[in-house]
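Data block below; observations after.
The values are calculated or read from the model by the stated rules, or taken from the named source; none is laboratory data. Treat the numbers as computed from the prediction; the structure is a model and nothing was measured. Glycine also receives a Cβ, built like all others from the backbone with ideal geometry; neighbour counts cover every protein chain displayed.
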Amino acid sequence: MTRTRGLLTAIPMLMLLGACAQPGAAGSAGEPSSGDPVTESARAGTDADAVVLRVQYRGGFVPPQFLAGRLPLVSVYADGRVITEGPTTLIYPGPALPNLQVARITPEEVTQLAAEAGEAGVKTGADFGQPNVADIPSTLVTVVTGYGKQSVDVVALNEAQPDDSSLTAANQAARKKLKTFVDKLAGLGADSQPYAAEEVAAIARPWTEPGDDLGGKPVTWPGPQLPGEALNSDAGVNCLAVTGAEKDAVLAAAAKANQQTPWESAGKQWSVTFRPLLPDESGCESLRSAE
């Protein structure tokens, strides 16, 4: 399957989003007052690959290569594509390739979801409190409308306890409302099919013996020479992006591998995390700011 473009022009739809979205409280960063016009510069973009809604994890106590390869939980695009990560087989080591799925909703549903995001509390500067937890990822929810971008970054949205004394009743209520909305977005991928990426990033680091002998025999790397460009020099994490026939060869080999498979390239062995790039991403540079 290839990406489909042009199901609608994004400018008219985003004008409608601007009309439906509810601006936040006056004075919050990035939020216009109700009297501000919806200007061309405030719109998300002019093509089907514009992201209207995204939910993703940030931070947490995880290794650098996992941060670079982490996929958003949900991405909703201007043309109605909804990309999520589907279920995987509960085996160890897991498959080398993530199970990315794409579903479709109507432009009207995209507009409605953008409006619901504001009602669920996705307004820059909203207060969700700071729970008494450590090393837990935060959930970043972003919506783009004719009013511009609004986002909230909520620590331990799913893990915080109802009796956490660090959270007020208002914090708990706001968290519950946002979680309900995030769960709704996650459910949009129920009627989906595999997502075929046009570009795949191979996030490489020197291979080390995991000690469980589950990686199997080394496999000859079928793409351009690893490890590619540096993403995190201190952690030894590199990235190589492939397209076209090179991408097809890499995906065919990865489909037979697992997360512990050692890959041989230029006389060395590498561990590789495969990260299909999403419609709004291009090249390893898209992953450089991952956190």
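Before moving on, here are some points about what is shown:
- Every residue from the range 174-228 that is more than 24 Å from Ala156 (Cβ to Cβ) and among the aliphatic types (A, V, I, L, M): Ala190, Ala196, Ala197, Val200, Ala201, Ala202, Ile203, Ala204, Leu214, Val219, Leu226
- Residue check for Gln150: assigned by TED's automatic domain parsing to the domain that holds Gln172, modelled with pLDDT of 95 or more, not in a strand (DSSP E or B) and not hydrophobic (A, V, I, L, M, F, W, C): no
Quick grid of which residues meet (1) of a type in the set (Val, Ile, Thr); (2) out of contact with any Leu (no Cβ under 9 Å at 6 or more places or on another chain); (3) buried (at least 21 other Cβ atoms within 10 Å of the Cβ):
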{"residue": "Gly223", "(1), (2), (3)": "no, no, yes"}
{"residue": "Cys239", "(1), (2), (3)": "no, no, yes"}
{"residue": "Ala245", "(1), (2), (3)": "no, yes, no"}
{"residue": "Trp263", "(1), (2), (3)": "no, no, yes"}
{"residue": "Lys268", "(1), (2), (3)": "no, no, no"}
{"residue": "Gly283", "(1), (2), (3)": "no, no, no"}
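- If the condition is being polar (S, T, N, Q), in a loop (DSSP other than H, G, I, E, B) and within 15 Å of Gly69 (Cα to Cα), then the range 261-291 contributes Ser282, Ser289.
- Output for the range 121-142, where each listed residue is under 23 Å from Ala290 (Cα atoms) and among the acidic types (Asp, Glu): Asp135
- Residues in the range 112-135 that are at pLDDT below 95 and either crowded, with 19+ Cβ neighbours inside 10 Å or acidic (Asp, Glu) (or both): Asp135 only.
- Of the residues Gly211, Gly216, Gly189, Gly236, the single one that is in the same structural domain as Glu85 (by TED's automatic domain parsing) and modelled with pLDDT under 95 is Gly189.
- Selection status of Phe128, within 26 Å of Ile83 (Cα to Cα) and either out of contact with any Pro (no Cβ under 9 Å at 6 or more places or on another chain) or assigned by TED's automatic domain parsing to the domain that holds Leu278 (or both): no
- Pairs, first in contact (Cβ under 8 Å) with a residue 12 or more places away in the chain and crowded, with 16+ Cβ neighbours inside 10 Å in the range 54-73, second basic (Lys, Arg) and assigned to a loop (DSSP other than H, G, I, E, B), C-beta under 8 Å, six or more apart: Gln56/Arg70; Tyr57/Arg70
- Among the residues of the range 245-291, those that are polar (S, T, N, Q) and more than 28 Å from Gly216 (Cα to Cα) comprise Ser282, Ser286, Ser289.
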